[in-house]
1. Among the residues of region 115-135, which ones are under 22 Å from the mean Cα position of the chain (by Cα) and within 30 Å of HIS463 (Cβ to Cβ)?
2. Before we move on, is TRP197 surrounded by fewer than 16 Cβ atoms within 10 Å (Cβ to Cβ) and either assigned to a helix (DSSP H, G or I) or not aliphatic (A, V, I, L, M) (or both)?
3. Looking only at region 333-347, filter to residues that are more than 18 Å from LEU447 (Cβ to Cβ) and crowded, with 22+ Cβ neighbours inside 10 Å; which one of those is modelled with the lowest pLDDT?
4. Can you pull out every residue in region 101-141 that is assigned to a helix (DSSP H, G or I), within 13 Å of the ligand (Cβ to nearest atom) and of a type in the set (A, V, I, L, M, F, W, C)?
5. How many residues are surrounded by fewer than 22 Cβ atoms within 10 Å (Cβ to Cβ), modelled with pLDDT of 95 or more and either out of contact with any helix residue (DSSP H, G or I) (no Cβ under 9 Å at 6 or more places or on another chain) or over 27 Å from LEU121 (Cα atoms) (or both) if we restrict to region 399-431?
6. For ARG40, which of the numbered conditions (1) buried (at least 16 other Cβ atoms within 10 Å of the Cβ); (2) touching a Ser or Thr at 6+ places or on another chain (Cβ under 9 Å); (3) basic (Lys, Arg) fails to hold?
7. What helices (runs of 4 or more DSSP H), lying completely within region 237-312, carry at least 2 residues that are of a type in the set (Val, Ile, Thr), more than 16 Å from the ligand (Cβ to nearest atom) and closer than 28 Å to ARG328 by Cα?
8. Hey, could you check region 142-177 for residues that are closer than 30 Å to GLY456 by Cβ and touching a Ser or Thr at 6+ places or on another chain (Cβ under 7 Å) and say which is nearest to the ligand (Cβ to nearest atom)?
Amino acid sequence: MVAAVAPHAGEAPRTRLYPPTVEPPPVPLPFAKFLVQFVRNPLLTIARPVYHDDMLVRETGRRLVIYITDPKLVEEVLLKGAENFHKTPIEKRIFKNTLGDGILTSQGPSWRWQRRTAAPLFRVSDLNALVPQMTAEAEAQAARWRTARPGKIQSIDLDMTETTFRVISTTMFGGKADGDAREVLHASDRALASVSWDIAAAIVDLPEWVWYPGRNLRRSAGRKLRELTERMLQRRRETGLDGTDLMSRLANAKDPETGKPMSESQLVDNLLTFLGAGHETTAKALTWSLYLLARAPEWQDRIVEEINRVCGDAPIGAEHLDDLEVTRAVFKEAMRLYPPAPIMNRILSEDMTLGGKEMKAGTFIVIPIYAIHRHHKLWTDPDLFDPTRFFKENEAKQARAQFMPFGFGPRTCIGMSFAMMEGVALLGTFVRRARFGWDGQHLPEPLSRITLRPAGGMPLHVHPR
Ligand code: HEM
């Protein structure tokens, strides 16, 4: 829905944009219906009260499931009680054949040393040096658009996936990972397309040998991804793994308890984790950002004005990022409305009290980031696109876990600063180099497939400037 708002004197007309969302069921769905809707789009199973209340308790007959949206309770689960809330067996099962026992899926001491090994690469002071490479990849994408007819419809979702994949390859993998880019992207797209079936199968504890739609396709895509990653690693071994890039660091790390290096398969688990987590989420954040900008073009003008003022003719560099407040606010507002990782889960490992309720070990906790970001107690007019929410003076009023696209607590996204730098540098570069236009029709449903995809892709008109 879009409505024009009368401008004040001297102000450009503003658009009140309510971009596409899902229609939540009025009450929690019975289990059979829940499963059907879950396979279609997991967001369709989050009942309306979750968008209004602090917590919702649901008995499925098999287990107790609790949806938590109150920022204080989210903090209790992800920060204070992090030791008691573990990654779920469902996640373990669906990622077993791809991400195995890497940093995203492991727990306890195994997770801790992997996180410590990778952490130094994500220090903001070191990441600054990567911004020119990020901007250069965005300029290269803008140049590809320039070779097409002005105004041609482009598949923005594919372009964003390719660009962010190039960024992670050149910045974190010593520039050596992009040879197989197309194959990796194709296989990871296949691996995620039918993931809801896998999750549904795990929810009902379906034995792993039982067939269900997409099962074989996903397994073969997973095998392909591992093969490609092993090949990348092999090539790097031949040329030497003694650099300071991520691949070298992981290959040379030793477990402080056992003194052993990562096994070959754990190394592949991690490379695949960083490759996947490091591009797919940022690609989705940029895709939705450009959609919102195409629907509210005055924000494109504000970004262009800001970049001209802050950067002049220079490419966007690390020294400019702090001053690109409008660009950053648009990127954050896009991640509020369309969080790239829309749902997080944990399982309780010991009995405890949460929010005044006794909970047994085995209780399943859902942290529906999508619903937290559109919660009626936390946001004014939650479905309205309004980047001013993230201008400094307004952002300071928000609770800590009210905006949490990167998760929260010790397992917060390790790539958060990397992703924010990349998001602002790429978005700013795209908008200064091209104008994005909506076709007047496409209202993509936000579709949760681990990451948040636009159903039907993201066709937008691109007019190079
Ligand atoms: C807009 C971009 C991104 C978003 C929205 C995002 C979101 C998230 C979220 C929500 C988690 C927490 C999952 C949980 O606790 O269950 C996470 C973890 C993680 N992310 Fe990101 N991420 C982004 C970009 C990146 C990038 C660029 C990298 C790497 C270069 C990365 C690597 C990881 C890793 C390795 C973890 C696991 C951390 C751990 O468990 O210790 N992410 N991310």
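1. LEU130, VAL131, GLN133, MET134, THR135
2. Taking the combined requirement at face value, the residue does not satisfy it.
3. ARG346
4. If the condition is that a residue be assigned to a helix (DSSP H, G or I), within 13 Å of the ligand (Cβ to nearest atom) and of a type in the set (A, V, I, L, M, F, W, C), then TRP111, TRP113, ALA118, ALA119, LEU121, PHE122, LEU127, LEU130, MET134 are the ones that fit.
5. 1
6. Answer for ARG40: the failing condition is (1).
7. 298-311
8. Going through the qualifying residues, I end up with THR164.
The values are calculated or read from the model by the stated rules, or taken from the named source; none is laboratory data. None of the values given here were measured: they were computed from a predicted structure. Here Cβ is always computed from backbone atoms with ideal geometry, including for glycine, and neighbour counts include all displayed protein chains.
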